[in-house]
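Novice: Structure incoming, see below.
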Amino acid sequence: MQVANAFHRAHDYDRHATVQRVVAERLAERILALDLPHGARILEIGCGTGFLGAGLIGRLSYDHYWMTDIAPGMLDLARQRFAGSEGGHFAEMDGAEPTITGPFDLICSSLAMQWLPDLGDAVARLRGLLAPGGRLAFTTLAAGSFAQWRAAYGDAMPGTPDYPSADLLRGLGLDVSLETVDHRYRNAHDFLAALKAIGAGTPQPGYRPLSPSLLRQIMKRFDAAGTDVRHMIATCIAGPA
């Protein structure tokens, strides 16, 4: 619920989600290279404001494209983006417990799967919704993301989640490729403000908020070391379970 509320309030998402836009565009190109049937039935998990859909609709022949998100605010923005498009459907849905049963020729997601509480269980459930020959294609943040920010914490526990390693993802039966996307922020305050603006500021479970003085120290260390932040992006592809 905390994650859903954070994204629901992210009304200025598009202006700050530079990395998310780039990753969605690259995933769209990977999906377009897949051997999908004419009139493909598509389910998108965590559609946000529609970055991935913008790269597919009009370029991929489909019968039904379900855009789903756990945050109603995100769905409202996606509806506005695709107003007038044929074949599109929108539904509020938790990707960890899908209620739209398919089957689907493509289930896709861009930088949303890392928010699910049990990635292995989610992957198994989604693969079970694929039609014969269908494909699951998604991107997720992977281990090594935000390394610069995490390093600034020193011995303190960072709030950023522990993202899955490539080996863990491959252990789920996924074909995995890794790439890095770096983004420069003006300073630590700019970095934190951007995370909040896109709804990605929810800390990992068990995180204890820092005292203001310790947070200022961490921000100072981050600024001194450089303000480029690395995003490790895992692109994962699989067929039916």
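Novice: Can you report the principal axis dimensions of the range 1-140 using only the alpha carbons, biggest first, rounded to whole angstrom?
Specialist: 38, 33, 24 Å, listed from the longest principal axis down.
Novice: Let's test the formula: R0 of 45 Å, r as the Cβ-Cβ distance of Asp155 and Asp121. What FRET efficiency results, to the nearest 0.05?
Specialist: FRET efficiency, Asp155 to Asp121: 0.85.
Novice: Given Cα pairs under 8 Å that are at least 6 residues apart, what percent is the relative contact order of the chain?
Specialist: Averaging sequence separation for qualifying contacts and normalising by length gives 25 percent for the chain.
Novice: At R0 = 25 Å, how high is the FRET efficiency between Glu97 and Arg30 if r is their beta carbon distance? Nearest 0.05 is fine.
Specialist: The value I calculate is 0.40.
Novice: Next question, about the same structure. Label-point separation (nm) for Arg184 and Arg170, each offset 7 Å from Cα along Cα-to-Cβ?
Specialist: Here the modelled spin labels are 3.4 nm apart.
Novice: Put a dot 7 Å past each Cα toward the Cβ at Asp162 and Ala147; how far apart are the dots in nm?
Specialist: Calculated label separation equals 1.8 nm.
Novice: Compute the FRET efficiency between Glu86 and Arg15 as 1/(1 + (r/R0)^6), taking r as their Cβ-Cβ distance and R0 = 30 Å, and round to the nearest 0.05.
Specialist: According to the calculation, E is roughly 0.60.
Novice: Would you mind computing, in nm to one decimal, how far apart the modelled labels at Ala225 and His38 are, each placed 7 Å from Cα along Cα→Cβ?
Specialist: 5.5 nm
Novice: In addition: I want the antiparallel fraction of DSSP beta bridges within the chain, as a percent rounded to 5.
Specialist: Roughly 45 percent of the DSSP beta bridges within the chain come out antiparallel.
Novice: Can I ask one more? How much of Met67 can a 1.4 Å solvent probe reach, expressed as accessible area in Å² and rounded to 10?
Specialist: About 0 Å², ignoring ligands and nucleic acids.
The values are calculated or read from the model by the stated rules, or taken from the named source; none is laboratory data. Source: prediction; values computed, not measured. FYI the Cβ positions are ideal-geometry reconstructions off the backbone, even for glycines, and counts take in every protein chain you see. The accessibility values were calculated without ligands, DNA or RNA, using every heavy atom of the protein model including side chains. Shrake-Rupley method; radii C 1.70, N 1.55, O 1.52, S 1.80 Å.
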